[in-house]
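The values are calculated or read from the model by the stated rules, or taken from the named source; none is laboratory data. This is a predicted model, so every value here is computed, not measured. FYI the Cβ positions are ideal-geometry reconstructions off the backbone, even for glycines, and counts take in every protein chain you see.
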Amino acid sequence: MELTNLKKEVSTVENERKIAKLEDELFCEYLEFQRTLRQIRVDDSAATLVALIIMKADAYWFAARVCREDFDRERQYTKAKEYFMELLRRSETSLKPHDVSRIRILEKLSELFVEYPDRADIRLRDQCIDAYRKALKARSDRGDDEVLDSLLETIAANLQKSELNY
C-alpha cells in the first residue's frame, strides 16, 4: 500500500528513492517465494497442482511488475506467461470454453501481452485469441452473465491494445 501511495504523490528525489527501495525489497521477497514454490512437491491431485501453478504464475508476474532490471523483468514476464499458458492448456480438457476460471486465465494472459509485449509470444497470443473466440461462441448459447461479459470485454480490449505490438 505504501508503494502505491508513494507513486501517486508528486515525484521527488526522496520519493523516487523510497519507491526504488520498496520495489527492490518486494522483488527479493517474490524471488524467495518463487524459490519456496519450486521446492514444493505435490501428490497426484490435479487441483493441488493447478493451485501451485497459479501461485507460481502470480509470483513471477508480481515480481516482473516491481523489477527494475530489464533482463530480470523479461525473465519474470516470460515465466509468468509460460505458467499461465500451462494453466490455459490444462483448462482445455477440464473446463468449458466459457467457464469463468478459464476466462480469468485468458484475462491475465491478455494483460501480460499488454504489459510486456514480446514478438516471440506471437504463437501464445494466437492461442489466446483462439481460446477467446471459442469462449465467445460458447457464450452466445448462454443467458445473461454480467461477470463473464465484463471479463470478455476486458480480454477483447487487451488483445486489441496488444495487437499494435505483434
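Can you pull out the residues in segment 107-143 that are buried (at least 16 other Cβ atoms within 10 Å of the Cβ), hydroxyl-bearing (Ser, Thr, Tyr) and either touching a Lys or Arg at 6+ places or on another chain (Cβ under 9 Å) or not in a helix (DSSP H, G or I) (or both)?
Scanning segment 107-143 gives Ser110, Tyr116.
Scan (1) buried (at least 21 other Cβ atoms within 10 Å of the Cβ); (2) over 22 Å from Tyr30 (Cα atoms) for the single condition Phe84 breaks and write down its number.
Of everything listed in (1) buried (at least 21 other Cβ atoms within 10 Å of the Cβ); (2) over 22 Å from Tyr30 (Cα atoms), Phe84 misses just condition (2).
Residue by residue, here is whether (1) modelled with pLDDT of 90 or more; (2) more than 19 Å from the chain's Cα centre (by Cα) holds:
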site	(1), (2)
Val13	no, yes
Arg17	no, yes
Asp24	yes, yes
Phe27	yes, no
Gln39	yes, yes
Ser45	no, yes
Lys56	yes, no
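Considering only segment 37-54, I want to know if a residue exists there that is part of a helix (DSSP H, G or I), of a type outside the set (A, V, I, L, M) and surrounded by 17 or more Cβ atoms within 10 Å (Cβ to Cβ). Walk me through it before giving the result.
First pass over segment 37-54, keeping only residues part of a helix (DSSP H, G or I): 37-39, 46-54.
From what is left, the residues that are of a type outside the set (A, V, I, L, M) are 38-39, 48.
Those left that are additionally surrounded by 17 or more Cβ atoms within 10 Å (Cβ to Cβ): none.
No: zero hits.
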